[in-house]
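**Student:** The following block contains the structure, expressed as structure tokens.
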Amino acid sequence: MSTASTCLHHLFEEPRSLEDYQGGVPRWCKGCGDNAILTAVQRLCRDEGLKPEKTVFVSGIGCSSRLPHYMKTYGFHGIHGRALPIAEGIKLARPDLNVFVNTGDGDCCSIGAAHWIHAIRYNMNITVLLHDNHIYGLTKKQASPTSPLGTKSNTTPRGSYLGALNPLTVTLGVQNVSFVAQAVDWIPESLYQIVSAAFKHRGFSFVRILQRCPEFVGNMFEPWVHDPQKMLMLTHPDGIRVSAALQKIYRNEQVHDPSNMDRAREVASIDDPIPVGILYRNGEVPCYEDLRHAGALRTAEGIRSTLEGEFDKFTVWPQ
Ligand SMILES: Cc1ncc(C[n+]2csc(CCOP(=O)(O)OP(=O)(O)O)c2C)c(N)n1
Ligand code: SF4
Ligand SMILES: [Mg+2]
């Protein structure tokens, strides 16, 4: 091996640091829960040694959707509600990439709801993080589908008239669902564990993260942030474990087996106390990219012959 290639090899093998994944300076408000989510994914990338050139963060539009700008990986800040189809296209064309999606409650559960339902059914190997602050943040405080009944906002000045849509029960109700979890931005240790488990699951991993927006709905999660007994920590050898240090604070613990769909649906319906952990996991559901043999279809020769075939359709051969 030449000196240059030895150096390159060494560089390649060098463990990466957090700084290797830190992109632009975050422009979120002080105290915004998106900061904790960013830290969790940067830690995950570092700990798993993900190659930046093999990793892509895809988003729609919203405060939360700014996350790809703050990663030093590939990123695609997409169109409102369309993060999932963009991510699916990337995964189908390049199944070798680590594909993450950051989407807001408006982005995913309102304008993007149709894509959300079908993405669950396609079960592609993508890690989806729903930043659920119960409000449209970027457009300055309109009610979202997950806003609790009575939420006062610019579009609902007398308080919202409908009860909140529950992204966990919706996801659990769709065919081929394979991974559903819930985390909160204010318990970083379990947030990290859950995001890490979601990344390691092969399939569509859906993590709803309750995220504080101090700018527009400062009181939304206050009772739960200040009273650890109002949190329900779900533990299981196939789920997450709560460390001894965390157990001293969060004493409300329940064993939940993530293979139990009926119980997962019951737990998903609880909103007080807030359940934190892995609700459901099934590693046996096939991924769409495997069914389509993606990758194998994308050889240079395959692309060339498909193109030739298309051109030939329009060729006028001399008589
Ligand atoms: C097609 C389209 N419709 C509406 C908008 C305006 N818009 C931008 S972000 C947003 C909602 C953002 O809320 P959410 O997805 O919850 O993200 P957050 O800002 O709370 O993180 C809306 C309605 C847009 N950019 N494009
Ligand atoms: S408006 Fe809310 S969601 Fe947006 S950056 Fe500020 S605190 Fe975060
Ligand atoms: Mg939102």
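Taken together, the values in this text are just the output of simple stated rules run on the coordinates, not laboratory data. Computed from a predicted model, the values in this text were never measured in an experiment. So basically every Cβ, Gly included, is an ideal-geometry build from the backbone, and we count neighbours across all protein chains shown.
**Student:** Report the calculated FRET efficiency for E253 and N219 (r = Cβ-Cβ distance, R0 = 41 Å), to the nearest 0.05. Please report the intermediate quantities before stating the final value.
**Tutor:** On the way: r = 27 Å, r/R0 = 0.65.
My answer for the efficiency is 0.95.
**Student:** On to the next question. Please build a GNM for the chain, connecting alpha carbons under 10 Å apart, and tell me which residue among I209, I274, I126 fluctuates the most.
**Tutor:** Evaluated over the chain, the most mobile residue of the options is I274.
**Student:** Follow-up. Expressed as a rounded percentage, what relative contact order does region 205-319 have, with Cα pairs under 8 Å and six or more residues apart? Can you show the working numbers first?
**Tutor:** Details: 95 pairs, mean separation 24.7, N = 115.
Value for region 205-319: 21 percent.
**Student:** Per residue of region 67-73, what does 6.51 cos²θ - 1.76 cosθ + 1.60 with θ = phi - 60° give for ³J(HN,Hα)? Whole Hz please, x for Gly and Pro, Karplus curve as stated.
**Tutor:** Per residue, the Karplus-derived 3J(HN,Hα) values read 3, x, 5, 9, 9, 9, 10 Hz.
**Student:** Going by how many other beta carbons lie within 10 Å of each one, how would you line up S17, S196, fewest first? Don't jump to the answer; show the numbers that get you there.
**Tutor:** Numbers: S17 10, S196 18.
Exposure proxy ranking, most exposed first: S17, S196.
**Student:** Find the percent of Cα-Cα distances in region 90-170 that exceed 15 Å, and round it to a whole number.
**Tutor:** Numbers: 1961 of 3240 pairs.
Roughly 61 percent, rounded to a whole number.
**Student:** Based on other C-beta atoms within 10 Å, arrange R82, R208, R27 from fewest to most. Don't skip to the answer; put the middle values down first.
**Tutor:** Numbers: R82 18, R208 26, R27 10.
Ordered by Cβ neighbours within 10 Å, fewest first: R27, R82, R208.
**Student:** Extending each Cα 7 Å along its Cβ direction at K54 and K152, get the distance between those two points in nm, one decimal.
**Tutor:** Each label point is offset 7 Å from its Cα along the Cβ direction, giving 5.3 nm.
**Student:** Would you calculate a helix-derived [θ] at 222 nm for the chain, using -39,500 (n - 2.57) for each DSSP H run of n ≥ 4 and dividing by the full residue count, to the nearest 500? Working shown, then result.
**Tutor:** On the way: 11 runs with 102 residues, N = 319.
About -9000 deg cm²/dmol.
**Student:** I would also like to ask the following. Across all directions of projection, what mean area in square nanometres is found for the Cα convex hull of region 167-232? Could you put the intermediate results ahead of the total?
**Tutor:** Working: hull surface 20.9 nm².
Directional mean of the projected Cα hull area for region 167-232 stands at 5.2 nm².
**Student:** I've got another one for you. How many percent of DSSP beta bridges within the chain run antiparallel, rounded to 5? Can you show the working numbers first?
**Tutor:** Numbers: 7 of 39 bridges.
Expressed as a percentage, antiparallel bridges in the chain total about 20.
**Student:** Express the C-alpha Rg of the chain as a ratio against the empirical globular expectation 2.2 N^0.38 Å, rounded to two decimals. Intermediate values should be presented prior to the final figure.
**Tutor:** Numbers: Rg = 21.4 Å, N = 319, 2.2 N^0.38 = 19.7 Å.
With N residues counted in the chain, Rg over 2.2 N^0.38 Å equals 1.09.
**Student:** List the relative contact order of the chain as a percent without decimals, with contacts defined as Cα pairs under 8 Å and 6+ residues apart. Don't jump to the answer; show the numbers that get you there.
**Tutor:** Working: 625 pairs, mean separation 49.9, N = 319.
That works out to 16 percent.
**Student:** Output ³J(HN,Hα) for region 213-224: one whole-Hz value per residue in order, computed from phi by the Karplus curve 6.51 cos²θ - 1.76 cosθ + 1.60 with θ = phi - 60°, and x for Gly and Pro.
**Tutor:** Running phi through 6.51 cos²θ - 1.76 cosθ + 1.60 with θ = phi - 60° gives 10, x, 5, 10, 9, x, 9, 3, 10, 3, x, 7 Hz.
**Student:** Something else: Y161 versus K140, label points 7 Å from Cα toward the beta carbon: distance in nm?
**Tutor:** So the label points at Y161 and K140 sit 2.6 nm apart.
**Student:** Shifting gears a bit: Where a ≥ b ≥ c are the square roots of the eigenvalues of the C-alpha gyration tensor, would you call region 16-126 rounded, which needs a/c under 1.5, or, failing that, prolate if a/b is larger than b/c, or oblate? Let's see the in-between values first.
**Tutor:** Details: a/c = 2.13, a/b = 1.20, b/c = 1.78.
It is oblate, given that a/c is not under 1.5 and a/b is not larger than b/c.
**Student:** Here's a follow-up. Work out from phi, with θ = phi - 60° and the Karplus expression 6.51 cos²θ - 1.76 cosθ + 1.60, the ³J(HN,Hα) of each residue of region 276-290, listed in order in whole Hz, and give x for Gly and Pro.
**Tutor:** After applying 6.51 cos²θ - 1.76 cosθ + 1.60, I find 10, x, 8, 8, 8, 8, 9, x, 8, 6, x, 8, 4, 5, 6 Hz.
**Student:** Additional query: Based only on other Cβ atoms within 10 Å, what is the fewest-to-most ordering of H131, H293?
**Tutor:** Working: H131 28, H293 10.
Arranged by neighbour count, lowest to highest, H131, H293 become H293, H131.
**Student:** Something else now. For region 149-191, what does the alpha-carbon gyration tensor say about shape, rounded, prolate or oblate, given a ≥ b ≥ c as the root eigenvalues, a/c under 1.5 as rounded, and a/b over b/c as prolate? Numbers along the way, then the final one.
**Tutor:** Working: a/c = 4.54, a/b = 1.49, b/c = 3.04.
Here region 149-191 falls in the oblate category.
**Student:** Is there a pair in K91/K313; K51/K313; K140/K230; K141/K230 whose C-alpha atoms are over 31 Å apart, and which pairs would that be?
**Tutor:** The pairs that break the limit, which is 31 Å between Cα atoms, are K51/K313.
**Student:** State the volume of the convex hull built on the alpha-carbon positions of region 198-319, expressed per residue in Å³ and rounded to an integer. Spell out each step's value before the answer.
**Tutor:** Working: hull volume 26.5 nm³, N = 122.
Given the Cα convex hull of region 198-319, per-residue volume reads 218 Å³.
**Student:** A follow-up question, please. Run through all the Cα pairs of region 120-267 and give the fraction in each 10 Å bin from 0, expressed as whole percent.
**Tutor:** 11, 36, 36, 17, 1
**Student:** Follow-up question, since we're still on this one. Quick one: pull the percentage of alpha-carbon pairs in region 219-267 with a separation above 18 Å.
**Tutor:** Looking at region 219-267, the distances longer than 18 Å represent 39 percent of pairs.
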